[in-house]
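**Student:** Shown below is the structure under consideration.
The values are calculated or read from the model by the stated rules, or taken from the named source; none is laboratory data. Since we're looking at a predicted model, the values are computed, not measured. Reconstructed Cβ throughout: ideal geometry from the backbone, glycine too, with neighbour counts over all protein chains shown. Ligands, DNA and RNA are stripped out before the accessible areas are found, and what is left, the full protein with its side chains, is counted by its heavy atoms. Shrake-Rupley method; radii C 1.70, N 1.55, O 1.52, S 1.80 Å.
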Amino acid sequence: MFCFQCQQTAHNSGCEGRAGVCGKKSDTANYQDELTGALIGLSRAVRKKLALNPDASFEHADELILKGLFTTITNVNFFNDTIIKLIHEVNVEKDRIYPDIMNYDVRHIWEDQEDIRSLKSLILFGLRGMAAYAYHAYALDYVDKNVLDFFYEGLEAIASEKSSDELLALVLKTGEINFRCMELLDHANSGTYGNPVPTEVPLTIEKGPFIVVSGHDLHDMELLLKQTEGKGINIYTHSEMLPAHGYPELKKYSHLKGNFGTAWQSQQSEFHNIPAPILFTTNCLMPVRQSYCDRVFTTSIVSYPDLVHIGEDKDFTPVIEKALECKGYPEDHPMTGINGGSTVTTGFAHNAVLSNAGHIVELIKAGKIRHIFLVGGCDGAAPGRSYYTDFAKAAPMDTLILTLACGKYRLNDLDLGSIDGIPRILDMGQCNDAYSAIKVALALAEVFDCTVNDLPLTLVLSWYEQKAVCILLTLLSLGVKNILLGPTLPAFVSENVWKILVENYNIQKISTVEEDMKKILG
Ligand code: SF4
Ligand code: SF3
């Protein structure tokens, strides 16, 4: 096996040998490579057919591309059987669309000259992240042909001879298309569940049966809320599901009670002996420990050997029965965030923030808001990630902190007060809600008649998996400069490629909080 797609890759160079740091076994990694090669074959077939008939449509292939790429995201799928089945389906569809097309061996990419490997990896990992977003939108019946078409274009390109310049252009195009994709998902989520509203979320688990729901899929959340209504079972979000509390059409369910635990990397200790089932709708699933393995359920693209998988009929009966059997805690069970707080807030997506735009602009003009930080991205186990907590604590009282994705658990239970009624920590949502942050930044830039780079705004990002990659590419494609990135630089970004990014975008690796704060605030 060879895999270097995530932040915790071995020695920050690549996972090899019998298993990756995430617990993915070598045979699973190899099947994921084979699946990627088959998806490239499918893309070649679709593109050939399109050249003959530009109006052809490829519904089944579209679905397979999204599912296939999503399957290979870090901490999503550990189960060879589902990957093998998917490879077969992809091959059948490829042959149906256009006979005699070869699949690709992605080892050619891993073994290529390091800059070419780096640029192709940026495209591939960006496409993987984007596929997850497109898949969530697709589950709510929102599709965008430009987004779908680009999966085929991008996959075909990484299996072709291309110059660095051509690949660099495709890297940025991946970011550009991902902006459309995040917009599509934003429309899908708010079109289906309403615009998020600011919401305080308790961290105490009430006594009685409950279910913990993890991952990003709001549609699965809704279906489970419906199926548990009136059954005496409470529902708690976990990790990236927290922003569900902000959506009117989800928050109307009175048994959606609060949030369980913190970010994904703490699940093995937080789920230890938990008296309730946990449903994973997407990443990040970690190898399942004995003390709770009979209580973990997967659905959608997530899959793990020996766990009960809820299939496409979305009949959650096994999860419901397990909740009733486990009975939950006998008394209310107080839990806290990593800084000891007992509640967190969410729901400050673009609509909520921009409804206060006038007020925020006045405060900036009056010097009461000196700077806005977006402290966003993935959480993870690396020790250097305490940087993000320290950064939030060190941010002066006249600064706002926007958060998104699961990295927020480093700081979202801190009480940092408010500025003239505006809370200093504003959680914009999941990682895909980076779209909200961009919308807010563009709106402020318009008011101040400047570019986003001239605003008193700095992006302090943390990355772990491939969704963070596509978001970073989106920000670069929009020309956003001066981003701080940590906790480490991606192993798949070569020295030369990093140099290009630094020259063009002044992107920097995080250093110490003191130094970075001084650099930003002067
Ligand atoms: Fe290693 Fe990350 Fe790949 Fe897992 S996903 S094998 S930890 S690089
Ligand atoms: Fe977190 Fe896995 Fe990336 Fe959607 S849940 S941000 S790490």
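**Student:** So which residues in the range 166-207 are under 19 Å from residue 479 (Cβ atoms), open to solvent by 10 Å² or more (accessible area, probe 1.4 Å) and among the aliphatic types (A, V, I, L, M)?
**Tutor:** Passing the criteria: 168, 169, 170, 172, 177.
**Student:** Still on this structure, please answer the following. Looking only at the range 208-243, count how many residues are open to solvent by less than 10 Å² (accessible area, probe 1.4 Å) and either away from ligand 2 (no atom under 15 Å from the Cβ) or more than 19 Å from residue 285 (Cα to Cα) (or both).
**Tutor:** Qualifying residue count, the range 208-243: 8.
**Student:** State which residue is nearest to ligand 1 (Cβ to nearest atom) when the search covers only the range 263-291 and only residues that are of a type in the set (Val, Ile, Thr) and touching an Asp or Glu at 6+ places or on another chain (Cβ under 7 Å). Give the derivation first.
**Tutor:** Going residue by residue through the range 263-291, those that are of a type in the set (Val, Ile, Thr) are 274, 278, 281-282, 288.
Imposing the further condition that a residue be touching an Asp or Glu at 6+ places or on another chain (Cβ under 7 Å) reduces the set to 281-282.
On the way: 281: 19, 282: 15 Å.
So the residue we want is 282.
**Student:** Could I ask something else about it? If I ask for residues that are more than 23 Å from residue 435 (Cβ to Cβ) and of a type outside the set (A, V, I, L, M), which ones from the range 131-182 would you list?
**Tutor:** Matches in the range 131-182: 152, 156, 160, 161, 162, 163, 164, 165, 166.
**Student:** In the range 4-30, which residues are within 16 Å of ligand 2 (Cβ to nearest atom) and crowded, with 17+ Cβ neighbours inside 10 Å? Spell out how you get there, then give the answer.
**Tutor:** First pass over the range 4-30, keeping only residues within 16 Å of ligand 2 (Cβ to nearest atom): 5-9, 20-24.
If the condition is that a residue be within 16 Å of ligand 2 (Cβ to nearest atom) and crowded, with 17+ Cβ neighbours inside 10 Å, then 5, 6, 7, 8, 9, 20, 22, 24 are the ones that fit.
**Student:** Right, here's the next one. Spot the failing condition for residue 41; the list is (1) under 22 Å from the mean Cα position of the chain (by Cα); (2) closer than 28 Å to residue 153 by Cβ; (3) not basic (Lys, Arg), and only one is missed.
**Tutor:** (1)
Every residue, every condition in (1) out of contact with any helix residue (DSSP H, G or I) (no Cβ under 6 Å at 6 or more places or on another chain); (2) over 20 Å from residue 351 (Cα atoms); (3) in a strand (DSSP E or B), yes or no:
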position: 129; (1), (2), (3): no, yes, no
position: 148; (1), (2), (3): no, yes, no
position: 151; (1), (2), (3): no, yes, no
position: 172; (1), (2), (3): no, yes, no
position: 176; (1), (2), (3): no, yes, no
position: 186; (1), (2), (3): no, no, no
position: 191; (1), (2), (3): yes, no, no
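**Student:** Go over the candidates 385, 410 one by one and state the one that is within 16 Å of ligand 1 (Cβ to nearest atom) and among the basic types (Lys, Arg). First the steps, then the outcome.
**Tutor:** Details: 410 fails: within 16 Å of ligand 1 (Cβ to nearest atom).
Checking each option against the conditions leaves just 385.
Yes or no, residue by residue, for (1) in contact (Cβ under 8 Å) with a residue 40 or more places away in the chain; (2) open to solvent by less than 10 Å² (accessible area, probe 1.4 Å):
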site: 73; (1), (2): yes, yes
site: 84; (1), (2): yes, no
site: 92; (1), (2): no, no
site: 99; (1), (2): no, no
site: 113; (1), (2): no, no
site: 121; (1), (2): yes, yes
site: 125; (1), (2): yes, yes
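**Student:** State all residues of the range 445-478 that are over 24 Å from residue 128 (Cβ atoms) and either open to solvent by 20 Å² or more (accessible area, probe 1.4 Å) or within 14 Å of ligand 2 (Cβ to nearest atom) (or both); if no residue qualifies, say none.
**Tutor:** Residues satisfying the conditions are 446, 447, 448, 449, 450, 451, 452, 453, 454, 456, 457.
**Student:** Collect the residues in the range 431-451 that are in contact with a helix residue (DSSP H, G or I) (Cβ under 8 Å, 6 or more places away or on another chain), farther than 16 Å from residue 375 by Cα and among the hydrophobic types (A, V, I, L, M, F, W, C), keeping them in residue-number order.
**Tutor:** 442, 443, 444, 445, 447, 448, listed by residue number.
Residues checked against (1) under 22 Å from the mean Cα position of the chain (by Cα); (2) assigned by TED's automatic domain parsing to the domain that holds residue 364; (3) of a type in the set (D, E, K, R):
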residue	(1), (2), (3)
461	yes, yes, no
467	yes, yes, yes
485	yes, yes, no
502	no, yes, no
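**Student:** What number goes with the only condition from (1) assigned by TED's automatic domain parsing to the domain that holds residue 107; (2) polar (S, T, N, Q); (3) open to solvent by less than 50 Å² (accessible area, probe 1.4 Å) that residue 53 does not pass?
**Tutor:** Among (1) assigned by TED's automatic domain parsing to the domain that holds residue 107; (2) polar (S, T, N, Q); (3) open to solvent by less than 50 Å² (accessible area, probe 1.4 Å), the lone unmet condition for residue 53 is (3).
**Student:** Another question, then. Whether any residue in the range 500-519 is open to solvent by less than 40 Å² (accessible area, probe 1.4 Å) and in contact with a Ser or Thr (Cβ under 7 Å, 6 or more places away or on another chain) is what I want to check.
**Tutor:** Step one: list which residues in the range 500-519 are open to solvent by less than 40 Å² (accessible area, probe 1.4 Å), which gives 501, 505, 507, 510, 513, 516-517.
Subsequent filtering for residues that are in contact with a Ser or Thr (Cβ under 7 Å, 6 or more places away or on another chain) retains none.
No, the range 500-519 has no match at all.
**Student:** Only residues that are touching a helix residue (DSSP H, G or I) at 6+ places or on another chain (Cβ under 6 Å) and either part of a loop (DSSP other than H, G, I, E, B) or closer than 25 Å to residue 495 by Cα (or both): list them for the range 198-214, please.
**Tutor:** Applying the first criterion (touching a helix residue (DSSP H, G or I) at 6+ places or on another chain (Cβ under 6 Å)) to the range 198-214 yields 198-199, 201, 209, 211, 213-214.
If the condition is that a residue be touching a helix residue (DSSP H, G or I) at 6+ places or on another chain (Cβ under 6 Å) and either part of a loop (DSSP other than H, G, I, E, B) or closer than 25 Å to residue 495 by Cα (or both), then 198, 209 are the ones that fit.
**Student:** Follow-up question, since we're still on this one. Among residues belonging to the range 362-413 that are open to solvent by 10 Å² or more (accessible area, probe 1.4 Å) and acidic (Asp, Glu), point out the one that is farthest from residue 431 (Cα to Cα).
**Tutor:** If we take residues in the range 362-413 being open to solvent by 10 Å² or more (accessible area, probe 1.4 Å) and acidic (Asp, Glu), then 362 is farthest from residue 431 (Cα to Cα).
**Student:** Consider residue 433 against the criteria (1) away from ligand 2 (no atom under 16 Å from the Cβ); (2) in contact with a Pro (Cβ under 8 Å, 6 or more places away or on another chain): it satisfies all of them except one. Which criterion is unmet?
**Tutor:** (1)
**Student:** Return the pair list, or none, for Cβ contacts closer than 8 Å from residues in the range 5-19 that are free of Cβ contacts under 8 Å to residues at least 40 places away in the same chain and in a helix (DSSP H, G or I) to residues that are within 16 Å of ligand 2 (Cβ to nearest atom) and not hydroxyl-bearing (Ser, Thr, Tyr), at least 6 apart or on different chains.
**Tutor:** Matching pairs, first to second residue: 10/20; 10/21.
**Student:** Please find, within the range 248-278, the residue that is surrounded by the most Cβ atoms within 10 Å (Cβ to Cβ) out of those that are touching a Ser or Thr at 6+ places or on another chain (Cβ under 8 Å) and part of a loop (DSSP other than H, G, I, E, B).
**Tutor:** 260
**Student:** Out of all the residues in the range 279-291, which are outside any loop (DSSP other than H, G, I, E, B) and either within 14 Å of ligand 2 (Cβ to nearest atom) or of a type in the set (Asp, Glu) (or both)?
**Tutor:** Filtering the range 279-291 for residues outside any loop (DSSP other than H, G, I, E, B) gives 279-280, 290-291.
Correct list: 280 only.
**Student:** Here's another thing I want to ask about it. What is the residue count in the range 20-48 for residues that are charged (D, E, K, R) and within 16 Å of ligand 1 (Cβ to nearest atom)?
**Tutor:** First, pick out the residues of the range 20-48 that are charged (D, E, K, R): 24-25, 27, 33-34, 44, 47-48.
Cutting the leftovers down to within 16 Å of ligand 1 (Cβ to nearest atom) gives us 24-25, 27, 33-34.
The number of residues fulfilling the criteria is 5.
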